[in-house]
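S.K.: The structure is given below, and queries will be raised subsequently.
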Amino acid sequence: MPDWRVIDAVLVGAASPEEQAAVRRWMAESDANAALVESMRAALSPLPAGAVDVDSAWKSVAKKVGIGVSGTRQAPGNRTVRALPVRRSAPHWIWIGAAAAGVMLVASLSVRRLIRSDGPVTELRTASGERITKTLDDGSTVTLNAESRLRYSPESNARQVYLDGEAVFHVVHDSRRPFQVHAGGALITDLGTRFGVRAYPEVSRVDVAVTEGSVAVHRKTASGDSVVLRAGSVAHLSSDGTLSVDPSEQPAQLTAWLDGTLSFNRSPLVEVAAELRRKYGVAIRVADTGLGARRVTASFRDETITQALDAISLALGIDYQRRGDTIVVTARR
Amino acid sequence: MSDQDLAQRIRAGDEHAFEQVFREHFAALTSFAIRYVGNVAAAEELVQGLFADVWTDRTRWTIRSSIRSYLFAAVRNRALNTRRRARVERDWDEGEALSHTDALQWSPPAPDEAMELGERVARLRDAIAELPERCRLAMQLRWRDELSYAEIAEVLGISVKGVENQLGRGLKALREKFL
């Protein structure tokens, strides 16, 4: 077993590429090893998880201490959507693919067939800078974005897939065998649709965007929140269990990556760095947490990585420099 | 805005800053409190009470390393105080037997929940349930709530070395139990 500190680093997202590789090798040795890393978060979350209603809790507290009692002051941004807590991430090394910085990886799709005790499982995996579309046996298609993984049992009659990362699904509807995506803490059920799911590990939420038809999004606990999303809407399921829908948000923003567009709307810089890494295949490190929390609103498609970084640096007043294979972003002095 | 800035604004009576802190931490603190008090309603009440007191006494509110560690530590202190009998968190050297209340808070999932959670997660939960309580708390604060070692030390009232000790021993023990 690797030193516990290395596993700790992986569990909190602060592991260097070497550390990640070492832990991945260890995980491949046995199912127990893999479970220790992959299932740790879920195993540490208490039951019953339930839905914590932050809104009504806030109202109780505010009323008790006399905040906003007369109703003359509404908090700005008092829409139907709660502000999602931004996960603070420690500055961390981002995994870089095998190619040199600046070169888009066009590696072949990695497809593995795993044999598990409940039958064979097919796994599709993409690395940084990769994207692939696959037609499944039932005729549904999935487009997998970079750094993602999709698992499913091709021989099973139940159409269940397990997603880490990001994908867009175009599902052939069959009400006798509902197509379901397990991603993060969410279960997304097709009701006749085309929808996108986003569940990258460094972002503590799952995003679902529907462009055709509708899906049911359900938090995976016995008594979880559930919502039916219709075409043209977007839902976010955060790690603390709040499920929110913003009527003004467009699914197109979340599926923009399909044509290579990156679209940011007040996204924290640390998420932007991860997105740039996935698109361009270049490691980007944000030097401190304060910097990582700054918001970026921008959209990129045909720009080079340098053009994208120049635009962001100008807008945020930050600097960046290449150090070997990595780009490091720092505050402007 | 840094935690110190936010705390400063709350001291000065900024209701928006206070609401922001509330919304950011309430759910995670409630999950943490459930470990101690056993149910959601009591946990919510405890956390709401904490926030109400912070606001009422805001002019004197100060934090050490972060708002988050202050709040987690405060929840733990309240939870320990409200127990009828004085209760010390079980540690490695105090014996590994589970008390009745330990079992309550780390109850195995019901069959339908277990199916949703997946067999691996359910088995890992069982293995975690056998660890000493202080170790479980350190692991949750670290790998679920992602507090730093220093923050966890502040919350649990132990040293940073102590935190590392809990995490290291815990992981080794889990690997041995979980086969």
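S.K.: So which residues in segment B:22-48 are more than 10 Å from chain A (Cβ to nearest Cβ) and buried (at least 19 other Cβ atoms within 10 Å of the Cβ), if there are any at all?
M.R.: Residues satisfying the conditions are B:TYR36, B:VAL37, B:LEU46.
S.K.: While we're on this one: Tell me whether segment B:136-145 contains one or more residues that are buried (at least 21 other Cβ atoms within 10 Å of the Cβ) and more than 17 Å from B:ARG35 (Cβ to Cβ).
M.R.: No, because not a single residue in segment B:136-145 is buried (at least 21 other Cβ atoms within 10 Å of the Cβ) and more than 17 Å from B:ARG35 (Cβ to Cβ).
S.K.: May I ask you to list the residues in segment A:3-21 that are surrounded by 15 or more Cβ atoms within 10 Å (Cβ to Cβ) and farther than 19 Å from A:THR326 by Cβ?
M.R.: Matches in segment A:3-21: A:TRP4, A:VAL6, A:ILE7, A:ASP8, A:LEU11, A:VAL12.
S.K.: Inspect segment B:86-97 for any residue being at pLDDT below 80, loosely packed, with under 13 Cβ neighbours inside 10 Å, touching a Pro at 6+ places or on another chain (Cβ under 9 Å) and on the phi > 0 side of the Ramachandran plot and give the result as yes or no.
M.R.: Checked against the condition, which is being at pLDDT below 80, loosely packed, with under 13 Cβ neighbours inside 10 Å, touching a Pro at 6+ places or on another chain (Cβ under 9 Å) and on the phi > 0 side of the Ramachandran plot, segment B:86-97 yields at least one hit.
S.K.: Taking the condition under 17 Å from the mean Cα position of the chain (by Cα) and surrounded by fewer than 15 Cβ atoms within 10 Å (Cβ to Cβ), does A:ARG266 pass?
M.R.: So A:ARG266 passes the test.
S.K.: Anything in segment A:217-230 that is surrounded by fewer than 16 Cβ atoms within 10 Å (Cβ to Cβ) and modelled with pLDDT of 75 or more? List them, or say none.
M.R.: Correct list: A:VAL228, A:ARG230.
S.K.: Given the options A:ALA216, A:ALA167, name the one that is assigned to a strand (DSSP E or B) and within 18 Å of A:SER244 (Cα to Cα).
M.R.: Only one candidate passes the filter, namely A:ALA216.
S.K.: Go through (1) farther than 22 Å from A:THR126 by Cα; (2) outside any strand (DSSP E or B); (3) modelled with pLDDT of 80 or more one by one and return the number of the condition A:ALA252 breaks.
M.R.: (3)
S.K.: What residue, among those in segment A:126-137 that are of a type in the set (S, T, N, Q) and surrounded by 21 or more Cβ atoms within 10 Å (Cβ to Cβ), is modelled with the highest pLDDT?
M.R.: The residue in question is A:THR126.
S.K.: Any chance segment B:164-173 includes a residue that's out of contact with any helix residue (DSSP H, G or I) (no Cβ under 6 Å at 6 or more places or on another chain) and over 22 Å from A:MET1 (Cα atoms)?
M.R.: no
S.K.: Report the residue count in segment A:170-201 for those that are crowded, with 23+ Cβ neighbours inside 10 Å, under 17 Å from A:TRP257 (Cβ atoms) and touching a residue at least 24 places away in the same chain (Cβ under 8 Å).
M.R.: Summing the residues that are crowded, with 23+ Cβ neighbours inside 10 Å, under 17 Å from A:TRP257 (Cβ atoms) and touching a residue at least 24 places away in the same chain (Cβ under 8 Å) in segment A:170-201 gives 5.
S.K.: Going by the structure shown, is A:SER140 surrounded by fewer than 22 Cβ atoms within 10 Å (Cβ to Cβ), among the hydroxyl-bearing types (Ser, Thr, Tyr) and free of Cβ contacts under 8 Å to residues at least 12 places away in the same chain?
M.R.: No: the conditions fail for A:SER140.
S.K.: Do the conditions hold for A:PRO91, that is, is it away from chain B (no Cβ under 11 Å), surrounded by fewer than 17 Cβ atoms within 10 Å (Cβ to Cβ), part of a loop (DSSP other than H, G, I, E, B) and at pLDDT below 50?
M.R.: Spelling it out, A:PRO91 is indeed away from chain B (no Cβ under 11 Å), surrounded by fewer than 17 Cβ atoms within 10 Å (Cβ to Cβ), part of a loop (DSSP other than H, G, I, E, B) and at pLDDT below 50.
S.K.: Mind listing whichever residues of segment B:7-21 are within 12 Å of chain A (Cβ to nearest Cβ), part of a helix (DSSP H, G or I) and of a type outside the set (Asp, Glu)?
M.R.: B:ILE10, B:HIS16, B:ALA17, B:PHE18, B:GLN20, B:VAL21
S.K.: Condition (residue is of a type in the set (Lys, Arg), surrounded by fewer than 22 Cβ atoms within 10 Å (Cβ to Cβ) and more than 9 Å from chain A (Cβ to nearest Cβ)) applied to segment B:158-169: is it met by at least one residue?
M.R.: yes
S.K.: Could you tell me whether B:ARG60 is open to solvent by 50 Å² or more (accessible area, probe 1.4 Å), touching a residue at least 12 places away in the same chain (Cβ under 8 Å) and more than 16 Å from the chain's Cα centre (by Cα)?
M.R.: Considered against the rule, which asks whether it is open to solvent by 50 Å² or more (accessible area, probe 1.4 Å), touching a residue at least 12 places away in the same chain (Cβ under 8 Å) and more than 16 Å from the chain's Cα centre (by Cα), B:ARG60 comes out as yes.
S.K.: Here is a list of conditions, (1) facing chain A (nearest Cβ under 8 Å); (2) over 24 Å from A:LEU44 (Cβ atoms); (3) in contact with a Phe, Trp or Tyr (Cβ under 8 Å, 6 or more places away or on another chain), and B:ARG64 meets all of them except one; can you say which number that is?
M.R.: (1)
S.K.: Can I ask one more? If I go through segment A:280-299 residue by residue, how many of them are in contact with a Gly (Cβ under 7 Å, 6 or more places away or on another chain) and open to solvent by 10 Å² or more (accessible area, probe 1.4 Å)?
M.R.: The qualifying residues number 2.
S.K.: Kindly indicate whether B:ARG120 is surrounded by 21 or more Cβ atoms within 10 Å (Cβ to Cβ), assigned to a helix (DSSP H, G or I) and modelled with pLDDT under 90.
M.R.: In short, no.
S.K.: Which count do you get for residues in segment A:238-282 that are within 14 Å of chain B (Cβ to nearest Cβ) and farther than 22 Å from A:ALA315 by Cβ?
M.R.: Of the residues in that region, 7 qualify.
S.K.: Further, regarding this structure: Could you tell me whether segment A:141-157 includes any residue that is more than 25 Å from A:ALA274 (Cβ to Cβ), at pLDDT 75 or above and not hydroxyl-bearing (Ser, Thr, Tyr)?
M.R.: No, every residue in segment A:141-157 fails to be more than 25 Å from A:ALA274 (Cβ to Cβ), at pLDDT 75 or above and not hydroxyl-bearing (Ser, Thr, Tyr).
S.K.: Could you list, in sequence order, the residues of segment A:294-311 that are outside any strand (DSSP E or B) and either more than 14 Å from A:PHE264 (Cβ to Cβ) or among the aromatic types (Phe, Trp, Tyr) (or both)?
M.R.: A:ASP302, A:THR304, A:ILE305, A:THR306, A:GLN307, A:ASP310
S.K.: Right, something else. From (1) within 23 Å of the chain's Cα centre (by Cα); (2) farther than 18 Å from A:SER204 by Cβ; (3) facing chain B (nearest Cβ under 8 Å), pick out the condition that doesn't hold for A:GLU18.
M.R.: Only one criterion is unmet by A:GLU18, namely (3).
The values are calculated or read from the model by the stated rules, or taken from the named source; none is laboratory data. Small disclaimer: the values here were computed from a predicted structure and weren't measured. Cβ sites come from the backbone with ideal geometry, for glycine too, and all protein chains shown count toward neighbours. Calculation scope for accessible area: heavy atoms of the full protein, side chains included, ligands and nucleic acids excluded. Shrake-Rupley method; radii C 1.70, N 1.55, O 1.52, S 1.80 Å.
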